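All remarks here apply to the structure that follows.
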Amino acid sequence: MTAHAAMISDAQAVQLRQSLTLGTARAALPPLEGTIAAGGTLSALAIAAMTVRFAARPVPDAANRPAVRRLPEPIGPLMSENLRASFLRLMRVRDAESRATLFAAAMSRLAARGLSLHPFDLPALSGVLHFARSGLGPVERAYLMLSGDQSASISPGLYYTEITSGNWREFGKTERIAFLRTLRSRDPDAARALLETDFNTDPAATRAELVETLHVGLGEADRPFLETLAQDRAASVRKTADLLLRGVRGSEPYNAQLSELTDYISQKMNGTPKKGRDFRWGSPVSATEDSTAAIIRDARGPFFSDVAVHLDLAPETLASVELGSDVISAILIRAAAVEGLREYILSLGMHSPEHDGPLFLSAIADVIDDWPHQERLAVARQLLSLKPLRLSPQHKDIAYAAENLRGPLATDSAEALLGSAEFTEFIEDCASIEDHRRHGYCANLIRLATLIPPELATPFRVSLDKVVSPDAIGAQLFTDFQAALAAELNACS
Amino acid sequence: MALALEQIEQMAPDQASLSAAAGLRKPAKWPLLAQLADGALIWGECQGSGSAPYRTVASLTDLGYKCTCPSRKSPCKHVLALMWQFVESPARFEAAASSPDWVRDWFARRKGKAGTAAAEAKTTVAAGEGGAIPVARGGKPGEKSILLSAVEAGTPAARDEKAEARAARQRERLKAEREAAVAAGLDELERWLSDQASSGFAAFVPVAHEQCRLAARRLVDAKAPALAASVDALPSELFALPEDLRADYVVDRLGTIALLISAHRRVDRLPTELAQDVRRAIGWSLKRDELLADPEAVRVKGTWLVAATRDEVQPDKLRRLETWLVREPDVNRAATADDHRFALLLDFVPAMGGGGASFPYTPGERFTAELAYYPSATPMRAILVERSILEGQGVWPAPASGLADAYDGYLQAVARNPFIGEWPTAAKGVTIEERGAGGIWLADGAGGFELRIAPKQAQALLPLSGMANLPVIGLWNGRLFTVLAAETPLGRWWWEG
């Protein structure tokens, strides 16, 4: 439609546009007729506007059109509208830290039930997607990639529903690391061989992280490869290789570590060193040598059975010796976990002076992470049962548990917790504390909500009613989300 | 928790709020009053002066509250009236097993005790500032009394015929003064336009901010607020556009302003509806009561779907709250011209102080209502006359036509009313195509026609990219399309921009 056609010609329209762009002082308006001419500049401007409004739309050039970028199809079933609304409500909690905790917990619940995020919600969730520890699906990965870079075309890896030895190089670092860890737990040699192929093509930081995956199923077969890495050009790779060699029987770092540890334990058993001095590695790899967590984490070996042999003790005896040191207990628990000696883990915890379940859980979290899901939960629950969780923000218990358990407590543990004086006191504190500490209590309330199994959601929700502060909202919304999730599963079954 | 009138008195920011709340206690003002079964929350909808009712919610456990009205007072009269009614007549509140989404959303978004603290602080300040304390009739300075409010609300205003005649004369005089001021303002604007045309639009772009600000201020002085806002918004709209569209935009906008000036000078000779469009584009407004009293106003009843809500802060520091509605076709009756009809509920609130104002509706919500349209050559802006809420998802109002036909519909609307800014459009059989650096487009199925989508929607529409044969609802402004809603295989998508 060209409404102006009856009033001015196409040539006049072009000239009119040129005059207005350059300025009528420099390029005079075209001669116009009748009422338009009488209207002067106002009419000329109005006509120019209408030529723009009614200009014919250009025909699309299909041949030179850039390719359409699209997300892959969702793999699993999507959440129902009710569950989705409950989930999105959770994501509207104002505090960013609380939102991240809630998102990670909600995602693990959804993943465990095979449910996918709705693709329409990804734009709103882009700020928290990276908190999904269990890895993102192809739709989420594609969204992050395409939304971050206007010029990026979609990577072939994003379309694969499954990462395999054949296509793993097409994926990003996070997915490749997760894949190698999984492959190591099934077939350590195949995973190492895959890693060695084209090893030098990645940047140093990525190579160090890929090498780090060898801690899963670490064994003597890895020793030659790790020893070659001691000559690597990147310090981060050399450091990672050295740490891993501490866990390889017969290697120099392993023997040094074993000797250091057993010397200390011998002294402890003989009444030395002096009271108050706890264990430290002689030559720490970590710069943060004073951190208890770092001391425990640097203990890549030795094997629990080797420690027992070195001390000339039966393993069950070593597991029940009162060593008077939480750090040594944690290192030995880790040593037992590395070797898969689950029967000694609880015993070591019970004979530790503090019976610090959350500390022990954090010490072995990265080791048991590769165990089958049920076994991981069983061990974690056993450790957490050593001592009731301390709920106040002064302690790290709840943070450790929420971070490492990645699922609800066992029903009996949760029941005991909800019935404990500690819980009652915590709820009273949440309701009454008004100063800067309130944020910490609020965060722990949310973490606690993520640890409550669905069957105890109702009594927990009732307890929250006592906390009239809106800070309890995140915890309340999470229990609502759990209830919606349970209702959806019931409806499906 | 039991609520007492004394608590409401304590919460009220001043006596005037209590008096206003007293007047709002009539059941007719509240089409909806409800409470959660456990008594923790109460909520309601109150028909105010806005285009849609205000939604009000209060927590009885900690006396937190929220209202969608634009009042600067906290709590506003609606919150006070809601609580007051609950104390006086709890039976009026329907017991609900669960709260509606908007109540749950408010609950999820609550930020600490800020609301309560603010109310407490306000009360404290009011009690401590001698000079600023409102003096209640018959009461002491700063005293707030529910009893007094109820008496005030029930007092009929004394009628004074002489005073009314005087006021009518005053209104006529002010109207004549305004007409003269507007005419002079438009004369000045014509000179301004001629200056821009003389120096060239290429030279206008770099100085657009400064030039438009200046012109807008003069239009405010000339009592042409709508045109002032439109001129003021021009630079921000210009620079939000992709560069290749900017030259056309300047020609279109400045040319349309020129057309408006010409039209205003001939307003008596224009068709009545178009004349109304011209006067409204300058800044003359029609009050809600006047529209309701107008027997000629177009009224449409039906089931309406909330297609989108948009909230924009204008350069004149007013928030423009838009609620776009589309009428669902009635599956039990033959198609009518009003099927797929659009309507715009529009409210303006101060950006500062009216920050509490929010949308009473969420996209996807449906209700049965009668709407009254403002007189126009292309009726679009409307107000709600009466309304009832509907549950569930209705029929998607997909039109029979494709994208090219929808575009023709826009051109026809512009031919009737050239002062249209954005025009709502529905089309079927379209594909949203995200082409990376090539932009994002709305294309018809055959690939023969396409409209460019606003770049700000690229990330939000990425999940829809490549989906074929979609029915969509959106706004076209002559340059860019804003997708408001779409029916897809993954469910309905709503723009939350």
**OP:** Tell me, yes or no, whether the range A:347-360 has at least one residue that is hydrophobic (A, V, I, L, M, F, W, C), surrounded by 21 or more Cβ atoms within 10 Å (Cβ to Cβ), within 23 Å of the chain's Cα centre (by Cα) and part of a helix (DSSP H, G or I).
**Re:** yes
Original post:
Out of all the residues in the range B:29-50, which are surrounded by fewer than 21 Cβ atoms within 10 Å (Cβ to Cβ) and under 15 Å from B:Val349 (Cα atoms)?
Top reply: B:Ser49
Original post:
Out of curiosity, is B:Pro295 surrounded by fewer than 20 Cβ atoms within 10 Å (Cβ to Cβ) and closer than 20 Å to B:Glu386 by Cα?
Top reply: yes
Original post:
Scanning for something acidic (Asp, Glu) and modelled with pLDDT of 85 or more, does the range B:44-55 turn up at least one residue?
Top reply: yes
**OP:** Would you confirm whether any residue within the range A:320-331 is touching a residue at least 40 places away in the same chain (Cβ under 8 Å) and surrounded by fewer than 17 Cβ atoms within 10 Å (Cβ to Cβ)?
**Re:** yes
Original post:
Inside the range A:44-71, can you point out the residues that are more than 7 Å from every other protein chain (Cβ to nearest Cβ), surrounded by 17 or more Cβ atoms within 10 Å (Cβ to Cβ) and without any contact (Cβ under 8 Å) to a residue 40 or more places away in the chain?
Top reply: A:Ala44
Original post:
Can you find even one residue in the range A:86-99 that is in contact (Cβ under 8 Å) with a residue 60 or more places away in the chain, among the polar types (S, T, N, Q) and either out of contact with any Phe, Trp or Tyr (no Cβ under 9 Å at 6 or more places or on another chain) or assigned to a helix (DSSP H, G or I) (or both)?
Top reply: yes
Original post:
Looking only at strands (runs of 3 or more DSSP E) that fall completely inside the range B:1-69, which ones have 3 or more residues that are out of contact with any Lys or Arg (no Cβ under 9 Å at 6 or more places or on another chain)?
Top reply: B:32-36
Original post:
If only one of B:Gly445, B:Gly438 is within 10 Å of another protein chain (Cβ to nearest Cβ), modelled with pLDDT under 95 and surrounded by fewer than 19 Cβ atoms within 10 Å (Cβ to Cβ), which one is it?
Top reply: B:Gly438
Original post:
Can you tell me which residues in the range A:366-417 are in a loop (DSSP other than H, G, I, E, B) and among the small types (Gly, Ala, Ser)?
Top reply: A:Ser385, A:Ser392, A:Gly407, A:Ala410
Subject >> Test set (1) within 22 Å of B:Phe239 (Cα to Cα); (2) of a type in the set (S, T, N, Q); (3) away from every other protein chain (no Cβ under 11 Å) - B:Gln459 fails condition number >> reply: (3)
Original post:
Name the pairs: first residue in the range B:371-398 and without any contact (Cβ under 8 Å) to a residue 12 or more places away in the chain and under 15 Å from B:Lys301 (Cβ atoms), second residue surrounded by 15 or more Cβ atoms within 10 Å (Cβ to Cβ) and not small (Gly, Ala, Ser), Cβ to Cβ under 9 Å, at least 6 apart or on different chains?
Top reply: none
Subject >> Matching residues, the range B:242-264, being of a type in the set (A, V, I, L, M), farther than 12 Å from B:Ile282 by Cβ and surrounded by 19 or more Cβ atoms within 10 Å (Cβ to Cβ) >> reply: B:Val250, B:Val251, B:Leu254, B:Ala258, B:Leu259
**OP:** Determine, yes or no, whether B:Gly128 is surrounded by fewer than 19 Cβ atoms within 10 Å (Cβ to Cβ), modelled with pLDDT under 80 and on the phi > 0 side of the Ramachandran plot.
**Re:** no
Original post:
Considering the range B:194-219 alone, what residues qualify as being in a helix (DSSP H, G or I), within 12 Å of chain A (Cβ to nearest Cβ) and either touching a Pro at 6+ places or on another chain (Cβ under 8 Å) or buried (at least 19 other Cβ atoms within 10 Å of the Cβ) (or both)?
Top reply: B:Gln196, B:Ala197, B:Phe201, B:Phe204
Original post:
Hey, B:Pro418 hits all of (1) buried (at least 19 other Cβ atoms within 10 Å of the Cβ); (2) touching a strand residue (DSSP E or B) at 6+ places or on another chain (Cβ under 8 Å) but one; which does it fall short on?
Top reply: (2)
Original post:
Which one of the conditions (1) within 14 Å of chain A (Cβ to nearest Cβ); (2) surrounded by 19 or more Cβ atoms within 10 Å (Cβ to Cβ) does B:Ala222 fail to meet, given that it meets all the rest?
Top reply: (1)
Subject >> Filtered residues of the range A:65-85 (kept if among the hydrophobic types (A, V, I, L, M, F, W, C) and not in a loop (DSSP other than H, G, I, E, B)) >> reply: A:Leu78, A:Leu83, A:Ala85
Original post:
Within the bounds of the range A:463-473, is there any residue that is within 11 Å of chain B (Cβ to nearest Cβ), within 21 Å of B:Asp101 (Cβ to Cβ) and among the polar types (S, T, N, Q)?
Top reply: no
Subject >> Given (1) within 26 Å of the chain's Cα centre (by Cα); (2) closer than 19 Å to B:Ala197 by Cα, index of the condition B:Val220 fails >> reply: (2)
**OP:** Scan the range A:378-434 for residues that are within 20 Å of the chain's Cα centre (by Cα) and surrounded by 16 or more Cβ atoms within 10 Å (Cβ to Cβ) and report the count.
**Re:** 14
Subject >> Condition check for B:Glu177: within 13 Å of chain A (Cβ to nearest Cβ), among the charged types (D, E, K, R), part of a helix (DSSP H, G or I) and closer than 24 Å to B:Arg218 by Cβ >> reply: no
**OP:** List the number of the failed condition for B:Thr68; all other conditions in (1) at pLDDT below 75; (2) buried (at least 19 other Cβ atoms within 10 Å of the Cβ); (3) touching a strand residue (DSSP E or B) at 6+ places or on another chain (Cβ under 6 Å) hold.
**Re:** (1)
**OP:** Residue by residue through the range A:480-493, note down the ones that are more than 13 Å from chain B (Cβ to nearest Cβ) and either closer than 23 Å to A:His395 by Cα or part of a helix (DSSP H, G or I) (or both).
**Re:** A:Gln482, A:Leu485, A:Ala486, A:Glu488, A:Leu489, A:Asn490, A:Ala491, A:Cys492
Original post:
Does B:Thr482 satisfy being more than 8 Å from chain A (Cβ to nearest Cβ), crowded, with 22+ Cβ neighbours inside 10 Å and either farther than 19 Å from A:Phe54 by Cα or in contact with a helix residue (DSSP H, G or I) (Cβ under 6 Å, 6 or more places away or on another chain) (or both)?
Top reply: no
**OP:** Test A:Ala208 against the criterion of being modelled with pLDDT of 90 or more, under 21 Å from A:Arg169 (Cβ atoms) and surrounded by fewer than 18 Cβ atoms within 10 Å (Cβ to Cβ), and give yes or no.
**Re:** no
Original post:
Can you name the residue in the range A:116-152 that is at pLDDT below 80 and out of contact with any helix residue (DSSP H, G or I) (no Cβ under 7 Å at 6 or more places or on another chain) and is also nearest to A:Arg184 (Cα to Cα) among such residues?
Top reply: A:Gly137
Subject >> the range A:72-101 - residue that is within 11 Å of chain B (Cβ to nearest Cβ) and aliphatic (A, V, I, L, M) and, of those, nearest to B:Leu490 (Cα to Cα) >> reply: A:Leu78
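The values are calculated or read from the model by the stated rules, or taken from the named source; none is laboratory data. In this text, all values refer to a predicted model and were calculated from it rather than measured experimentally. Please note: Cβ atoms are built from the backbone with ideal geometry, for glycine as well, and neighbour counts cover all protein chains shown.
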